[in-house]
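The values are calculated or read from the model by the stated rules, or taken from the named source; none is laboratory data. Just so it is clear, the structure is predicted and the values come from calculations on it, not from any experiment. Positions of Cβ are generated from backbone atoms using ideal geometry, with glycine treated the same way; all protein chains shown enter the neighbour counts.
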Ligand SMILES: O=P(O)(O)OC[C@H]1O[C@H](O)[C@H](O)[C@@H](O)[C@@H]1O
């Protein structure tokens, strides 16, 4: 059996299935969204809601949605939250297996760019490196004649056996904004969860740990000046699409990002790569 297969979900979405000596994974072409990553002999490292219905044109609730070229709500009324890249159809630009590491690059074709939202010539690619760890790089290049400014996030959803027991570590010394208030100084290294949490962190160290009874997930970021930590808790869970009321108990998002004051400005021809790498801590 080949290590890479192209398959189709019953609802029509195309995905890549990866099976190597080191891991199994699924990557949807819509949104360049990885929904499954399981290192061999270890548990899954990504969470997807069982309420998800994999419909064309609708972002999948889980895995790693790509938020681009803006994060959160747009300043423009009625523009989609988290940009347009997460619902567009990407194509496979390259795939190879090197020392058992699967390397797959997806790109967004120029015709998939929505000129209403983004009238600039830009190239974006997502490179997945799948081994014992998962590395995701969002590569932005400005092909325009003017500078462009964008915000972005790799919106990773992680599986947690019980949110009440979770200790998210590695936050000491950072600052965060929450619900339009702050910045607050993060005074302890560990964050615990007992309410809706929706923080944008700045000055955060490059590695955090999600420690729960099933193990510790290590989350690394590079060229990421911000990170978002999110759990919708009880009330917001009821309003979220493709999300069960009790799903908040089993997930947390820790997102490698460049948002708010940490937006990225690219001069003509300039390139920027946002990266996150996740693994089970040995
Ligand atoms: O429902 P979505 O558009 O996918 O957004 C899901 C969540 O994304 C981020 O983590 C934001 O900080 C949250 O405020 C938002 O609720």
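Counting only residues that are assigned to a strand (DSSP E or B) and either closer than 16 Å to residue 152 by Cα or within 15 Å of the ligand (Cβ to nearest atom) (or both), how many does region 77-93 have?
Kept after step one, since they are assigned to a strand (DSSP E or B), are these residues of region 77-93: 83, 89, 91-93.
Subsequent filtering for residues that are either closer than 16 Å to residue 152 by Cα or within 15 Å of the ligand (Cβ to nearest atom) (or both) retains 83.
Matching residues across region 77-93 total 1.
Could you tell me whether residue 51 is surrounded by fewer than 17 Cβ atoms within 10 Å (Cβ to Cβ), in contact with a helix residue (DSSP H, G or I) (Cβ under 8 Å, 6 or more places away or on another chain) and outside any strand (DSSP E or B)? So that I can check it myself, show each step before the final result.
Details: surrounded by fewer than 17 Cβ atoms within 10 Å (Cβ to Cβ): yes; in contact with a helix residue (DSSP H, G or I) (Cβ under 8 Å, 6 or more places away or on another chain): yes; outside any strand (DSSP E or B): yes.
So residue 51 fits the description; yes.
Among the residues of region 75-112 satisfying the criterion of being without any contact (Cβ under 8 Å) to a residue 24 or more places away in the chain and crowded, with 17+ Cβ neighbours inside 10 Å, which is farthest from residue 179 (Cα to Cα)?
So the residue we want is 105.
Scan region 232-250 and report the pairs whose first residue is closer than 18 Å to residue 159 by Cβ and whose second residue is part of a helix (DSSP H, G or I) and within 9 Å of the ligand (Cβ to nearest atom), with Cβ atoms within less than 8 Å and a gap of 6+ or a chain change.
Listed by first residue and then by second, the contacts come to 248/236.
Of everything in region 246-266 that's within 13 Å of the chain's Cα centre (by Cα) and either modelled with pLDDT under 95 or more than 11 Å from the ligand (Cβ to nearest atom) (or both), which residue is surrounded by the most Cβ atoms within 10 Å (Cβ to Cβ)? Walk me through how you get there before you give the answer.
Here is the first cut: in region 246-266, the ones within 13 Å of the chain's Cα centre (by Cα) are 252-258.
After this cut, where a residue has to be either modelled with pLDDT under 95 or more than 11 Å from the ligand (Cβ to nearest atom) (or both) as well, the list is 256, 258.
Details: 256: 30, 258: 23.
Only one residue tops the list, namely 256.
Looking at this structure, is residue 5 at pLDDT 95 or above, out of contact with any helix residue (DSSP H, G or I) (no Cβ under 9 Å at 6 or more places or on another chain) and loosely packed, with under 15 Cβ neighbours inside 10 Å? Please lay out each step first, then the result.
Values: at pLDDT 95 or above: yes; out of contact with any helix residue (DSSP H, G or I) (no Cβ under 9 Å at 6 or more places or on another chain): yes; loosely packed, with under 15 Cβ neighbours inside 10 Å: yes.
Here the answer is yes, as residue 5 does meet what is asked.
Consider residue 166 carefully, then state whether it is closer than 30 Å to residue 268 by Cβ and touching a residue at least 60 places away in the same chain (Cβ under 8 Å).
On the way: closer than 30 Å to residue 268 by Cβ: no; touching a residue at least 60 places away in the same chain (Cβ under 8 Å): yes.
The answer is no for residue 166.
With away from the ligand (no atom under 11 Å from the Cβ), modelled with pLDDT under 95 and out of contact with any helix residue (DSSP H, G or I) (no Cβ under 8 Å at 6 or more places or on another chain) as the only criterion, which of 223, 214 stands out?
On the way: 223 fails: modelled with pLDDT under 95.
After applying the criteria, what remains is 214.
Which residues, counting only those in region 144-164, are under 20 Å from residue 199 (Cβ atoms), crowded, with 20+ Cβ neighbours inside 10 Å and more than 16 Å from the ligand (Cβ to nearest atom)?
None - no residue of region 144-164 is under 20 Å from residue 199 (Cβ atoms), crowded, with 20+ Cβ neighbours inside 10 Å and more than 16 Å from the ligand (Cβ to nearest atom), so the list stays empty.
Pick out the one residue from 16, 96 that is assigned to a strand (DSSP E or B), touching a strand residue (DSSP E or B) at 6+ places or on another chain (Cβ under 7 Å) and within 26 Å of residue 159 (Cβ to Cβ).
On the way: 96 fails: within 26 Å of residue 159 (Cβ to Cβ).
Checking each option against the conditions leaves just 16.
Just for region 61-74: of the residues that are closer than 16 Å to residue 113 by Cβ and within 14 Å of the ligand (Cβ to nearest atom), which one is surrounded by the fewest Cβ atoms within 10 Å (Cβ to Cβ)?
Initial filter on region 61-74 (closer than 16 Å to residue 113 by Cβ): 66-70, 74.
Subsequent filtering for residues that are within 14 Å of the ligand (Cβ to nearest atom) retains 66-68, 70, 74.
On the way: 66: 27, 67: 24, 68: 27, 70: 25, 74: 16.
Among those that are closer than 16 Å to residue 113 by Cβ and within 14 Å of the ligand (Cβ to nearest atom), it is 74.
Quick check on this structure: which one of 170, 182 is on the phi > 0 side of the Ramachandran plot, in contact with a strand residue (DSSP E or B) (Cβ under 7 Å, 6 or more places away or on another chain) and buried (at least 18 other Cβ atoms within 10 Å of the Cβ)? Don't jump to the end; show me each part of the working.
Values: 182 fails: buried (at least 18 other Cβ atoms within 10 Å of the Cβ).
Checking each option against the conditions leaves just 170.
Kindly indicate the residue of region 45-60 that is out of contact with any strand residue (DSSP E or B) (no Cβ under 7 Å at 6 or more places or on another chain) and within 12 Å of the ligand (Cβ to nearest atom) and also nearest to residue 131 (Cα to Cα) among those meeting that condition.
Per the stated criteria, the residue is 59.
When the residues of region 190-211 are filtered to those that are in a strand (DSSP E or B) and away from the ligand (no atom under 16 Å from the Cβ), which remaining residue is farthest from the chain's Cα centre (by Cα)?
190
Looking at (1) in a strand (DSSP E or B); (2) within 19 Å of residue 86 (Cα to Cα), which is the only condition residue 38 fails?
It is condition (2) that residue 38 fails.
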